[in-house]
Amino acid sequence: MIIFIDESGTLPDKADKHIVVAALVSYNPEELKNILPKFRKKIPTKGSRRREKILRELKFHYVGDITRRKVLKEIISKNIKIYALVVDKIGRKITDKPENYGKLIKTLVDYFKEREDIKEIYIDKHFAAKETTNKLQSILEGNIKGDFKFSQIDSMEDSRIDLADFVAGAIFRKYRVSDPKFYDIIVPKIVKEEVRKWNEL
C-alpha cells in the first residue's frame, strides 16, 4: 500500500485561514497512474477548457469545475481511502519551515499509521532546496515511527501526487469559501477528517 500526501492552502499567507493536508490511501497504486494523463488527453482543444492543455500539471487550483468533477469522480471510483487534517491557523502567519510542515505531516500520519498496512508514503516535494528537503526527511524519520519509508516526490515525476492535491483542494474549498460541491463528491471515501487549531498540534 502506498499513501500520497499533498496540501492545499499555505502556512505563511494570512489570507488562508485554514490549511488542509490530505492523504490518499491506495490499495492498488498502479491503477492511479493513468488518471491525470488520460484526462489531459481528453481536454478539448477548443472552448473554455482549452487552456488546461498547456498547463504543466493538472492541479485543483488551476483547472475548471468540469475537470475538477471528472477527476474527483474518477479518484473515488478506485480502491482508495481518504484521511484529512484541517488546521485552523487562528489568524497566524506561520513560517513555512521543515519543523512546521513536519508537524502537519506527523499529525496526519498518526491518524492512519496504526490502521493501514503502509509500505511507503509519498509526500509532495514541498521545499526546493536540498538542505531543507533533507531536514524535513530527518524530521519525518525521527518523529514518525513505523515499518514504512517516506519519499518526497516531485509531482511532475509522479502525477499521483496531484490526485492528493485534488482531494485536498476539494476539502479546502469547503472551508475557505463554504462551497462543499466538490467535497460532497469525495466524502463517501473519507475515513477521518479532523479540524485542529494550530496551537493544539
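Some observations on this one:
- By the helix-only formula, in which each DSSP H run with n ≥ 4 contributes -39500 (n - 2.57) and the sum is divided by residues, the chain has a 222 nm mean residue ellipticity of -11000 deg cm²/dmol.
- Summarising the label geometry, the points placed 7 Å from Cα in the beta-carbon direction at residue 197 and residue 69 lie 3.9 nm from one another.
- Of the residues 143, 107, 87, the one whose Cα sits farthest towards the positive end of the charge dipole of the stretch 69-146 is 87 (charges of +1 on Lys and Arg Cβ, -1 on Asp and Glu Cβ, taken about the Cα centre).
- Residue order, fewest to most surrounding Cβ atoms within 10 angstrom, among 45, 133, 67: 45, 133, 67
- Entries of 103/145; 73/189; 38/59; 78/106; 59/125 with Cα pairs more than 21 Å apart: 78/106
- Of every Cα-Cα pair in the stretch 48-143, the percent that sits beyond 17 Å: 67
- Dimensionless Rg ratio for the stretch 1-84, taking C-alpha atoms and the 2.2 N^0.38 Å reference: 1.22
- Size of electric dipole in the stretch 2-200: Cβ of Lys, Arg +1 and of Asp, Glu -1, about Cα centre, debye, nearest 20: 960
- Reference-scaled alpha-carbon Rg (2.2 N^0.38 Å with N residues) for the stretch 2-200: 0.99
Each value in this text was obtained by applying a stated rule to the coordinates, not by laboratory testing. Just so you know, these numbers come straight off a predicted model, no measurement behind them. Don't worry about glycine lacking a Cβ; one is built from the backbone with ideal geometry, like all the others, and counts go over all protein chains shown.
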